[in-house]
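Notes for the one structure printed next.
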Amino acid sequence: MTDRQLPNVHPMKKIEVVVHAGDIKLIEAALRDAGVAGWTIIRDVAGMGHHGFHQARTIFSDETGLVMFVGVAPAQRIRQAALEIETLFRTRAGVLFLSDVEVIRSDYFTGA
């Protein structure tokens, strides 16, 4: 592949947060307050953690089970959101992952 065939990419930071579904509004507020322009919520995630296996199925309520947030934004905004979520994790369960990513349409992630 030559340089001409490479896409024009922009560095960003990605945040992934897994929390109980009852904490959705808290995570949304942290992302919004940090200026993260958008995110994806994946409901009914399952997995193995240090407290055992977490079941994904929610039959009767959206407030049970686990959800995963995925957001991409400039690094400063993601770090600000991570600091607020870290504070929430002092009293609530959850995990948070940060990683470097590259995006093609950077204007999609800087709008807030």
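No lab work stands behind these numbers, since they all come straight from the coordinates. None of the values given here were measured: they were computed from a predicted structure. Every residue, glycine as well, gets a Cβ built from its backbone with ideal geometry; the counts of neighbours run over all protein chains shown.
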Could you work out the relative contact order of the chain, using alpha carbon pairs under 8 angstrom and six or more residues apart, expressed as a whole percent? 46 percent
Which loop trypsin sites (Lys or Arg not before Pro) in the stretch 68-112, with loop taken from DSSP, have no more than 12 other Cβ atoms within 10 angstrom of their Cβ? R90, R105
Dipole magnitude of the stretch 4-112, debye to nearest 20 (Cβ charges: Lys/Arg +1, Asp/Glu -1, about Cα centre): 200 debye
So how far apart, in nm, are the two label points at F89 and D107 if each is 7 Å from Cα heading toward Cβ? 3.5 nm
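Scan the chain and hand back the longest stretch that contains none of the chymotrypsin sites (Phe, Trp or Tyr not before Pro) lying in DSSP loops with at most 16 other Cβ atoms within 10 Å.
1-59
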